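One structure is given below, encoded as structure tokens.
The values are calculated or read from the model by the stated rules, or taken from the named source; none is laboratory data. Note that the coordinates shown come from a computational prediction; the quantities given were computed from them, not determined experimentally. Neighbour counts run over all protein chains shown; Cβ positions are idealised from the backbone, glycine included. Surface accessibility is based on the protein's heavy atoms, side chains included, excluding ligands, DNA and RNA. Shrake-Rupley method; radii C 1.70, N 1.55, O 1.52, S 1.80 Å.
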Amino acid sequence: IPYGIKYDRTWLMKLIQSHCSVPFTPVDVRKDAERARFFVQEASTASALMDVSYKIRDEESRKIPVFVSPSAVPYTVWYKLKPQEMEQLKLTLIKRLDVSKQALDLQRLRLDPGMAATLQVIEKNFPELLSLNLSSNKLYQLNGLSDIIQMAPTVKILNLSKNELTSVWELSKMRGLKLEELWLQGNPLCDTFPDQSTYVRAIRECFPKLLRLDGQELPSPVTVDVDTPYIVKLCKGSYFGSDELKSLVLQFLQQYYLIHDYGDRQVLAGAYHEEACFSLTIPFHPKDTAPSSLCEYFKDSRNMKKLKDPYLRVQLLKHTKRVIVHTLCVLPKTQHAFSSFVVDTWFQTKTMLCFSVSGVFKAGERVLCIVNDELFVRDADPVETQSVFSIPLSTPTSSSMHRLSQQQQDIMQASSTLSEMNR
């Protein structure tokens, strides 16, 4: 469940179970980075869960997506300890705790198989833990530490030196942990970088607040907010290549957006190839005074500057025309200003036509700006909308949307034939 971290775990599970046609007991429910995730054993249950996606709503009536994919047996199920083993582990950890420094020294314990159980003990008995030493444990992967963000969120110092980690990808499993000091020396991954600066930069991708690495003070991180709001002046004119293409593209766009704004968006399926792809992107402003203005777009946003989870990168790419049209149908009602469109035709062959569209549209009372290469949506500046929305746009009747004239049908067919979008 993307962004499931904001929901209460018990409430979310009960909600999903109440709408699923197949009764199930979730296994290993956890919050991983921004997601909530759990496992089920049967393929039939997984199939039923797919049908729950976007059919459940949170307390603010927002639809909740549920993504399903095949998985190996969860790590915590593989190595689940018996009660007496858990008690013995607890006693061992207590002996190694420095209470005055809230530091737990677990070096040379070979804890890899029982790492998940170790975190459970830490969560229950050491809720204010600041330092964790896991050096010399022959760790070659960090699956067992993936829950550390939830179970030991106060940890600021982590020692993973003299293990067998070979890739920074393992560290990304702990992304979100607010580390200030990290030790990695003695791991094979340290030798995979061409120089020290590249090494530091890669580690800081996972832990932006890091101040010390392998005992060395790091320079203060230089941060640049690439999503700082800014005003983009509209381009001066469009480029089509030829009058024939200009007529074809503009008539296609007019028909497409008239249906998008005032008709049944299911009709737009005819404009898409069976295996078409679609993605939507919005900028993310943590300090936005009105963060809810783009909330209807946020759940489907595939902002590659912010989205680091490779699983969500795939899931949020809408594939096949059925999925695309379903996505379009749940987006807010819009009103596009056709006079604001700037169109650039930048590639053409006998069987394919590529063009980009920039313009302004309204969504409810908000005014947004779209840069349509991957549907990039941002707040529009008042200057951009003053002229294009000063004259009210007429609203076509529903009958005109569903019954196209012969000329309009010829336009749609010509566009489809040239671009092969519906073949």
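Points worth noting:
- Residues of segment 166-192 classified as free of Cβ contacts under 8 Å to residues at least 40 places away in the same chain, part of a loop (DSSP other than H, G, I, E, B) and within 17 Å of Glu205 (Cα to Cα), total: 9
- Every residue from segment 161-217 that is among the hydrophobic types (A, V, I, L, M, F, W, C) and open to solvent by 30 Å² or more (accessible area, probe 1.4 Å): Val168, Trp169, Trp183, Cys190, Phe193, Leu211
- Leading residue by the ranking (surrounded by the most Cβ atoms within 10 Å (Cβ to Cβ)) among those in segment 1-60 that are assigned to a helix (DSSP H, G or I) and among the polar types (S, T, N, Q): Thr45
- Condition check for Tyr230: assigned to a loop (DSSP other than H, G, I, E, B), open to solvent by 50 Å² or more (accessible area, probe 1.4 Å), at pLDDT below 75 and closer than 30 Å to Cys206 by Cβ: yes
- Any pair with Cβ under 9 angstrom, 6 or more apart, that starts in segment 138-158 at a residue that is surrounded by fewer than 20 Cβ atoms within 10 Å (Cβ to Cβ) and ends at one that is part of a strand (DSSP E or B) and of a type in the set (A, V, I, L, M): Ile157/Ala103; Ile157/Leu132; Ile157/Leu182
- Every test in (1) open to solvent by 30 Å² or more (accessible area, probe 1.4 Å); (2) in contact with a helix residue (DSSP H, G or I) (Cβ under 7 Å, 6 or more places away or on another chain); (3) closer than 17 Å to Thr92 by Cβ is passed by Lys124 save one, and that test is (2).
- Number of the condition not met by Arg110 [criteria: (1) outside any loop (DSSP other than H, G, I, E, B); (2) modelled with pLDDT under 85]: (1)
- Which listed residue, of Leu49, Leu134, Leu91, Leu139, is closer than 20 Å to Pro153 by Cβ and at pLDDT 80 or above: Leu134
- Restricting attention to segment 119-147, the residues that are polar (S, T, N, Q) and within 30 Å of the chain's Cα centre (by Cα) total 4.
- Among the residues listed as Val314, Val323, the single one being open to solvent by 50 Å² or more (accessible area, probe 1.4 Å), under 19 Å from the mean Cα position of the chain (by Cα), more than 30 Å from Phe240 (Cβ to Cβ) and not hydroxyl-bearing (Ser, Thr, Tyr): Val314
- Selection count where residues are modelled with pLDDT of 85 or more and loosely packed, with under 15 Cβ neighbours inside 10 Å, scope segment 63-86: 1
- Restricting attention to segment 16-46, the residues being more than 22 Å from the chain's Cα centre (by Cα) and at pLDDT 85 or above number 15.
- Note on segment 335-359: residues that are of a type in the set (Val, Ile, Thr) and buried (at least 18 other Cβ atoms within 10 Å of the Cβ) total 3.
- Pro332 fulfils the conditions (1) open to solvent by less than 60 Å² (accessible area, probe 1.4 Å); (2) part of a strand (DSSP E or B) except for a single criterion, (2).
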